[in-house]
1. Taking loop as defined by DSSP and a crowding limit of 11 other beta carbons within 10 Å, which chymotrypsin sites (Phe, Trp or Tyr not before Pro) in segment B:68-147 fit?
2. Using unit Cβ charges (K, R positive; D, E negative) and no other charged atoms, how large, in debye to the nearest 20, is the dipole of the protein assembly as shown about its Cα centre?
3. Taking chain A as the reference, fit the longest principal axis to its C-alpha atoms, fit the long axis of helix A:47-66 to the helix C-alpha atoms, and give the angle between the two in degrees, 0 to 90, nearest 10.
4. Highest mean first, how do B:154-160, A:8-14, B:52-58 rank when packing is the count of other Cβ atoms within 10 Å averaged over residues?
5. Taking R0 as 45 Å, what's the FRET efficiency between B:Ile198 and B:Asp20 from their Cβ-Cβ distance, rounded to 0.05?
6. Could you compute the FRET efficiency for B:Lys4 and B:Val321, with r as their C-beta to C-beta distance and R0 at 45 Å, rounded to 0.05?
7. Near B:Lys325, which aspartates and glutamates are there with a Cα under 16 Å away, not counting those fewer than 8 places off in the same chain?
8. Let me test this: with uniform point scatterers at the alpha carbons of segment A:2-74, what is the Debye-based log₁₀ I(q)/I(0) at q = 0.21 1/Å?
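Please treat every number below as a calculation from the coordinates, not as lab data. These numbers come from a predicted model, not from an experiment. As a convention, Cβ positions derive from the backbone with ideal geometry for all residues, glycine included, and neighbour counts pool all protein chains shown.
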Amino acid sequence: MVKEIERMGFPVVHMCTVVPISITVGANRIIPTVAIPYPLGNPAMTMVDEKELRRKLVKKALKALETPVTEQTVF
Amino acid sequence: MGIKIVHYINQFYGGIGGEDKADYAPEKISGVKGPGMGLQAAFGDKATISSTIICGDSYFNENIEAATEVILEMIKEENPDVFIAGPAFNAGRYGVACGAVCKAVSENLNIPVVTGMYIENPGADMYKKNAYMVETTNSAAGMKDAITKVAALALKLGTGEAIGTPEAEGYMARGVRRNIICEDRGAKRAVDMLIKKIKGEEIVTEYPMPTFDRVDPAEPVKDVRKAKIAIVSSGGPVPKGNPDHIESSSASKFGKYSIVGIDDLTPENGETAHGGYDPVYANQDLDRVIPVDILREMEKSGEIGSLHDFYYSTVGNGTSVNNSKKFAAEIAKDLLASNVDAVILTST
């Protein structure tokens, strides 16, 4: 899906936990996330800390969307 | 006892549990378990599965290096003649685990390895060069056939018997070239092939070219503060009640869902349709899968230009590559029409 959307010219940032799969399918901008059932959260944290963690990951993703890349890049 | 074999399976086939037990740490038990029984029956007295290693699929994929190390140690203690993993069919995390463990065993312990999975399993592309990987059906309905082929390869590897071609033995080509004697010389074979081709007859190449399907990275957005961002996910996020009935695996469709007026996802307005991971955490707070809450705040504070009014979602669990391509092409068309600048795609 990442590839087909990027093919149309959109920069796509792939946020996922199993980075080797993302590399195999051909994502170009990759953000490693927390865990398979909760990529953008952590139920062991307090709500406040969890949201802060999510904010950090989203910020990283936005930064990746602003970054020129010439090859598959794990941020 | 013949050939000594160690077998690797996941928490499901190990009888530990389903997705709720996918974080199960590696455990070694003596003897056979689950599909190991079928393998043992196929071996008869020619080989014995001395022990079985069970590991949760999420545990393995979230801790690839550490889990591999522990499992490698367990296998080393047994010192088997052959190592077998799976078969994993179309279970993605299981396939990756089988492939990764096979690669580690082959490289570090120099023990022959056999596994099996469906051709579209991500583990296939990643590891088919590192193991004899039997091509299976996409579901466990093909267990019997998979077991027969895996067992035959394991016995041959254990006794040092020569392994036939990928076509003859049913494993995926590993890109290994071997010299063989042909009756006709190369020039004649090439001309024969050309004539067949001109006649429109079917030809079989002697050296298939690898296929690389890569998309060049798109240009970055100049300034996210002015950009319209859209969310797409293969983690199955849907409005509460899954209105389009997106299937929990092998999805036949995607959904497009409005988030107009939604600042936060809650158990009341969102859940996951995905059947390939423990849904408890996503159902408690779907922002853990698609970060609507944060992007909404960033939209208000001006950190992003705007958040697209809709998110797009499907279930990546066992969904065919063809369907995924089709969904994404349709989604991309819609994004284009909506003047979206960039996409955050989340996967579980």
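1. When the chymotrypsin sites (Phe, Trp or Tyr not before Pro) of segment B:68-147 are filtered for loop state and at most 11 Cβ neighbours within 10 Å, nothing remains.
2. 1040
3. Long axis of A:47-66 versus the principal axis of chain A: about 10 degrees.
4. Per-residue Cβ counts within 10 Å, averaged per peptide and sorted highest first, yield B:52-58, A:8-14, B:154-160.
5. So, using R0 = 45 Å, E works out to roughly 0.15.
6. Details: r = 38 Å, r/R0 = 0.84.
After rounding to 0.05, the efficiency reads 0.75.
7. Within reach: A:Glu4, A:Glu6, B:Glu120, B:Asp213, B:Asp334.
8. Log-scaled intensity ratios, in q order: -0.90.
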